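Structure record follows, encoded as structure tokens.
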Amino acid sequence: MRIGDAAAAAGLTPRALRYYEQQGLVTARRMPSGHREYDAEDVRRLRAVRELREAGLTVGDVRAFAHLLHTLPPAGVPDLIGTDPGSERCGAAEAVARRRLAELDGHIARLSRLRARLAARLGEPGGRPGGPGRSGPDAEGRPLRA
């Protein structure tokens with residue numbers, strides 16, 4: 001199938017598909033006319049990339065274990081971080097995902113501190129005039145750390 005059809009089947013735009021191709025996440029075959037040609041396996045791979053990106057991974061994160069994307073079952077991404085101890089799929093994908101999760105936690109903490117400072121200067125709830133961050137529980141009831 002051509003790029004527009006493949007992109008639509010994967011839930012992407014042709015521009016995003018070209019970008020993922022440039023990043024080495026998928027490789028198009030070329031027809032004699034020069035048009036890109038994709039097959040069902042390419043679409044499946046692109047769907048996995050889209051799902052991983054929607055889960056918060058960066059293109060670089062996905063590229064780190066792109067060689068494992070072909071091992072995905074037809075159901076998709078949930079099995080990418082498998083439960084088999086010592087499996088390459090589990091180890092590579094989980095390490096990348098855990099690193100990204102830690103980075104996101106750091107960003108959230110920093111943004112929470114910035115929000116609290118600004119709220120305090122505006123005299124709004126959630127700001128502590130003398131403190132670097134919010135107090136009280138987070139959305140899941142855990143205490144916030146400044």
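The values are calculated or read from the model by the stated rules, or taken from the named source; none is laboratory data. Values in this document were obtained by computation on a predicted structure and should not be read as measured data. No Cβ is skipped: glycine too gets one built from the backbone with ideal geometry, and neighbour counts run over all protein chains shown. Side chains included, ligands, DNA and RNA excluded: accessible areas come from the protein's heavy atoms. Shrake-Rupley method; radii C 1.70, N 1.55, O 1.52, S 1.80 Å.
Out of everything in segment 93-115 that is more than 16 Å from the chain's Cα centre (by Cα) and in contact (Cβ under 8 Å) with a residue 24 or more places away in the chain, what residue ends up being most open to solvent (accessible area, probe 1.4 Å)?
The residue in question is Arg113.
Find the residue count for segment 1-20, including only residues that are open to solvent by less than 70 Å² (accessible area, probe 1.4 Å) and of a type outside the set (A, V, I, L, M, F, W, C).
Counting residues in segment 1-20 that are open to solvent by less than 70 Å² (accessible area, probe 1.4 Å) and of a type outside the set (A, V, I, L, M, F, W, C) gives 4.
Identify all residues within segment 36-63 that are of a type in the set (A, V, I, L, M) and open to solvent by 60 Å² or more (accessible area, probe 1.4 Å); write none if there are none.
Listed by number, the residues that qualify are Ala40, Ala55.
Please specify each residue of segment 35-56 satisfying the condition of being part of a loop (DSSP other than H, G, I, E, B) and at pLDDT below 90.
Across segment 35-56, the qualifying residues are Ala55, Gly56.
Between a first residue in segment 1-12 that is more than 16 Å from Glu54 (Cβ to Cβ) and a second residue that is open to solvent by 40 Å² or more (accessible area, probe 1.4 Å) and in a loop (DSSP other than H, G, I, E, B), which pairs have beta carbons less than 7 Å apart while being 6 or more apart in sequence or on different chains?
From residues that are more than 16 Å from Glu54 (Cβ to Cβ), the pairs are Arg2/His35.
Against the condition open to solvent by less than 80 Å² (accessible area, probe 1.4 Å), modelled with pLDDT under 95 and of a type in the set (S, T, N, Q), how does Thr71 come out, does it pass?
yes
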